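S.K.: Input: one structure, supplied below.
The values are calculated or read from the model by the stated rules, or taken from the named source; none is laboratory data. Quick caveat, the model's predicted, so the values are computed rather than measured. Note that we place each Cβ from the backbone using ideal geometry, even for glycine, and neighbour counts take in every protein chain shown. Note: accessible area is taken over every heavy atom of the protein model, side chains too, but ligands, DNA and RNA are not part of it. Shrake-Rupley method; radii C 1.70, N 1.55, O 1.52, S 1.80 Å.
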Amino acid sequence: VATGRYVYFIGADDYLGAEALERMVAAADEWGSDVLVGKMVGVNGRAVHQDLFTEDLPEIDLYDSPIVWLLNNCKLFRRDLVERHGLRYPLGWPMGSDQPFTIEACVRASRISVLSSYTCYYAVTREDDGNITQGTVSIYTRLVCAEKLFPIVAGLLEPGPRRDAFLRRHTTWELTMPLRQNLLELDDDARRDVCARVGTLVDQYVTDDVMASLPLWRRVRLRL
């Protein structure tokens, strides 16, 4: 239903700086950005990677920058890009459905920019720890999302360093989380099922270069 030149997404618990949209649109117009990331900070202890926000950057390299660690949808997207490529959220995902949209938008974008000189976005941890991505999430919820996400990335990018840039992030986070969080609380059959399904993703998508880039303890868990 959007009719403007840009679309922007915001989490239900979060808020924007008073001049955020004005500044982001002005920067995107000046720089010709298809995707623009405004500076984000965490509130109430919310962790937000700051490596991307060192300075204003009219253009960044998608595959050689910290943006692969910030794949949430809280960005300014040129609506023409969204409509031209038919970008939509996948339905039925329990969490993480913003990532396929954001990843493909960034892959298709002619220019991605970063506005660091103004704090645009305040990501809030709820007092009741009710944020779906921040609280305790079922192992199977995380596993199902990983099983959906890896083939999407593989379908967008040919094998090689560009695909690996994304899969390194997904292997570090989405794929290792089911092996970290409460795994030992499951019964034997469930543990074997989780490990087998993680192993299948490792065999299909995790290259030697991706594996070699991981911390040792993550490599050991995934190899096992």
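S.K.: Return the distance in nm (one decimal) between the two label points of a simple spin-label model at ASP209 and SER110, each offset 7 Å from Cα along Cα→Cβ.
M.R.: For ASP209 paired with SER110, the spin-label model returns 2.8 nm.
S.K.: Out of every Cα pair in the range 47-94, what percent are spaced more than 16 Å from each other?
M.R.: Working: 637 of 1128 pairs.
That tail contains 56 percent of the Cα-Cα pairs.
S.K.: Just the accessible area per residue of the range 3-58, please: how many Å² with a 1.4 Å probe? Numbers along the way, then the final one.
M.R.: Working: 3020 Å² over 56 residues.
On a per-residue basis, the range 3-58 sits at 54 Å².
S.K.: When the accessible area of the chain is split by element with a 1.4 Å probe, what percent falls to carbon and sulfur?
M.R.: 49 percent
S.K.: Using bins 5 angstrom wide from zero, how does P(r) for the chain break down, in % of all Cα pairs?
M.R.: With a bin width of 5 Å, the distribution comes to 1, 6, 14, 17, 19, 17, 13, 8, 4, 2, 0, 0.
S.K.: Could you give the length gained on full extension between LEU62 and ALA12, defined as 0.36 nm per residue of separation minus the Cα-Cα distance, in nm?
M.R.: Details: separation 50, 0.36 × 50 = 18.00 nm, distance 2.71 nm.
Answer, rounded to one decimal: 15.3 nm.
S.K.: Using label points projected 7 Å from each Cα along Cα→Cβ, tell me how many nm separate ALA190 and TYR89, to one decimal.
M.R.: Taking the two extended label points, one gets 2.8 nm.
S.K.: How large are Rg and Dmax for the range 102-202 when only the alpha carbon atoms are used, in Å?
M.R.: Answer for the range 102-202, Rg first and Dmax second: 16.8, 52 Å.
S.K.: Per residue, how much space in cubic angstrom lies within the convex hull of the C-alpha atoms of the range 21-126? Intermediate results must be reported in sequence, preceding the final value.
M.R.: Working: hull volume 11.2 nm³, N = 106.
Cα-based convex hull of the range 21-126, divided per residue, equals 106 Å³.
S.K.: Based on the mean of other Cβ atoms within 10 Å per residue, sort peptides 76-83, 162-169 so the most packed one is first.
M.R.: 162-169, 76-83
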